[in-house]
Amino acid sequence: MPRSALRVVAAVVGTLALVSGCGGDGGSGRGHRPTGARVTIRVPADAPTVSDAVSLARPGDLVLVAPGVYHESVRIDTARITLRGVSRDKVVIDGRLRQPNGIVVSAPGVAVENLTVENNTQNGVLVTGSAKAAAGLPGRGGGYDTGDEPVTFLKSFLVSHVTATRNGLYGIYAFSARNGVIANSYASGGADSGIYVGQCKPCNIVVRDNVAELNAVGYEGTNAGGDMYVVGNRLVGNRVGLTTNSDHQEKLLPQKGALIAGNLIAANQQTATPEQADGGWGIGAGIDGGTDNRFLRNRIAGNTDAGLVITATTDIPPVGNQIVDNVFTGNGIDVGWTFPTATRGRGNCLRGNDLRTTVPARLAATAACPVPAGASSPTGTWTAPAAPGGIPFTEVAAPAPQPQFPDAATAGPTVVPPVVTPPKVADIRLPPASLLAAHARVRTS
């Protein structure tokens, strides 16, 4: 079944759950907001549910949630609210497979921090400026914004110290959003991707210091580019570690201009994971129809099919991608370029990498950076290992306890900046093989 079909099925399941009235979407306003500006509304002391507290909150307020399992879907449509759990592992938004989304953020300047979101038919946390995406209603072909109307962006956001596990599409999903950060979070059991950024250009989004494991894909960026940074993440033990790609199901084609740097991308052939619709398996990183992306100082190791693959997506070629100063070890092949259709890559190049095997052979010499922008990229083929069947996302192993947000119970509300400060490229180093391993289930050896 193609990936588009998977998205349609999951969206339909989520829509049915929404129509059935399960999940407690939106608060009733029960409870009491303390008097004053920038107050803390406590759950359940001031309001009985998270949704009730959010509905009482005003810009600048902090909603602080006590330990417990909350069977609700939380919608945040008031700007500059902070939603924070007192304990990341013990504050759980549990969809019980009866609702599309655990938390939906559709207002700017919102911070979601220090809690767990699980068992939703679509997404754990959805941050979006798209009304259709927020409602879980796909357009033609399974995408959300497929008509002629302009893209509407959510303008700023923060997702930090969030655990998203066992969700039917994405763990943490930023779609049609800009000027945001996804950091210090953990995603597992995503039936499509653990962390997904889609339909933004320029994005001004930083995805950093996260762990994504036991997903079909660890991180996916679709039509996401322009000041798009994926830095210092552990993408280990998925079926595919990372993809940056173009897709006609979303607007703002082609994907262009992401920096993927300082990540550990390893051992992405875990069997006890959801089986992705297009069957990807044993691949560290893939560029599928992406343009002007830069892979810099990543450690890409032990992926049984390939460390990094560049290919075309239908009629969209990969153009001008640079693979620079990465270390490849123990992969089936380290770098493979393959263009099985008439759509050929152009201007892709390599420089300064520690690698041993490429397809076609001698890529480091024949496609050394810089190359002319219009130069046709060489192509080859190889035999990929067979992908084993997966498991339902509901059966993925539970996460280990994760690091807490500092001073969660006493810190004030988080101020989300309107514009994200990008990482300094010169400060991004090659990561050790132990990057962010302390709280991960899957090891690299």
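Derivation of every value follows stated rules applied to the coordinates shown; laboratory data play no part. As the structure is a computational prediction, the values presented were derived from the model and not from experiment. All Cβ positions, even for glycine, are placed from backbone atoms using ideal geometry, and neighbour counts span all protein chains on display.
Determine the shape class of the range 86-173: with a ≥ b ≥ c the square roots of the Cα gyration tensor eigenvalues, call it rounded for a/c under 1.5, and otherwise prolate if a/b is greater than b/c, oblate otherwise.
Oblate.
What list of ³J(HN,Hα) couplings, whole Hz, do you get for the range 310-317 from phi and the Karplus terms 6.51, -1.76, 1.60, once you set θ to phi - 60° and write x for glycine and proline?
Once θ is set to phi - 60°, the couplings for the range 310-317 become 10, 8, 9, 10, 6, 9, 10, x Hz.
Given the pairs Lys155/Lys424; Lys90/Lys256; Lys201/Lys424, which span a C-alpha to C-alpha distance of over 31 angstrom in this model?
Lys90/Lys256
Relative contact order of the range 103-169: what whole-number percent is it, with Cα pairs under 8 angstrom and at least 6 residues apart? If you can, show how the numbers build up before the last one.
Working: 115 pairs, mean separation 33.8, N = 67.
Contact order relative to length: 50 percent.
May I ask you to derive the relative contact order of the range 212-284, considering only C-alpha pairs under 8 Å and at least 6 residues apart, and to give it as an integer percent? List each step's numbers first, then the result.
Details: 181 pairs, mean separation 28.3, N = 73.
Answer for the range 212-284 is 39 percent.
Could you size up the charge dipole of the range 261-378 around its Cα centre, putting +1 on the beta carbon of Lys and Arg and -1 on that of Asp and Glu, and report it in debye to the nearest 20?
The calculated dipole for the range 261-378 is roughly 420 debye.
Applying 1/(1 + (r/R0)^6) with R0 = 35 Å to the Cβ-Cβ distance of Val151 and Thr410, what FRET efficiency is obtained, to the nearest 0.05? Don't jump to the answer; show the numbers that get you there.
Working: r = 39 Å, r/R0 = 1.12.
After rounding to 0.05, the efficiency reads 0.35.
Translational D (Stokes-Einstein, µm²/s) of the range 29-107 at 37 °C and 0.692 mPa s when Rh comes from the Kirkwood sum over C-alpha pairs?
263
I want the local charge near Ile333. Using Cβ-Cβ distances under 14 Å, sum +1 for each Lys or Arg and -1 for each Asp or Glu among the other residues.
My count for the surroundings of Ile333 gives 0.
Arrange the following residues from fewest to most other Cβ atoms within 10 Å of their Cβ: Arg208, Arg299.
So the residues, fewest neighbours to most, are Arg208, Arg299.
For the range 258-349, what class follows from the C-alpha gyration tensor (a ≥ b ≥ c being the square roots of its eigenvalues): rounded when a/c is under 1.5, otherwise prolate if a/b is larger than b/c, else oblate?
oblate
With an 8 Å Cα cut-off and a minimum separation of 6 or more residues, compute the relative contact order for the chain in percent.
Reported relative contact order: 12 percent.
Sum -39500 (n - 2.57) across every DSSP H segment of at least 4 residues in the chain, then divide by the residue count to get the 222 nm mean residue ellipticity, nearest 500.
For the chain, the value works out to -2000 deg cm²/dmol.
If Lys and Arg each add +1 and Asp and Glu each add -1, what is the summed charge of the other residues whose beta carbon sits under 12 Å from the beta carbon of Arg166?
Residues close to Arg166 contribute a combined charge of -2.
Relative to the Cα centre, what is the charge dipole magnitude of the chain, using +1 at the beta carbon of each Lys and Arg, -1 at the beta carbon of each Asp and Glu, and rounding to the nearest 20 debye?
Values: 37 positive and 32 negative charges, 114 e Å.
Magnitude of the dipole: close to 540 debye.
When DSSP assigns beta bridges and you keep just the ones with both residues in the chain, what percent turn out antiparallel, to the nearest 5?
Working: 2 of 119 bridges.
Of all bridge pairs located within the chain, approximately 0 percent are antiparallel.
What does the charge add up to near Pro48, with Lys and Arg as +1, Asp and Glu as -1, over the other residues with Cβ less than 15 Å from its Cβ? Don't skip to the answer; put the middle values down first.
On the way: positive: Arg30, Arg33, Arg42; negative: Asp46, Asp52, Glu72.
Result for the neighbourhood of Pro48: 0.
Above 41 Å lies some portion of the pair distances; for the chain, what is it as a whole percent of all C-alpha pairs?
Working: 12223 of 98790 pairs.
The calculated P(r) of the chain puts 12 percent of pairs beyond 41 Å.
Quick check on the range 295-392: of the DSSP beta bridges with both residues there, what percent are antiparallel, nearest 5%?
Counting DSSP beta bridges with both partners in the range 295-392, the antiparallel share is about 10 percent.
Positive end of the charge dipole of the range 72-143 (Lys, Arg +1 and Asp, Glu -1 on Cβ, about the Cα centre): tell me which of Asn101, Thr128, Leu83 has its Cα farthest that way.
Towards the positive end, the residue furthest out is Thr128.
So how tilted is helix 3-20 from the main axis of the chain? Cα-based, degrees 0 to 90, rounded to 10.
In the chain, helix 3-20 runs at an angle near 10 degrees to the longest axis.
Run the simple label-point estimate for Ala398 and His32 please: 7 Å along Cα→C-beta, distance reported in nm.
For Ala398 paired with His32, the spin-label model returns 3.6 nm.
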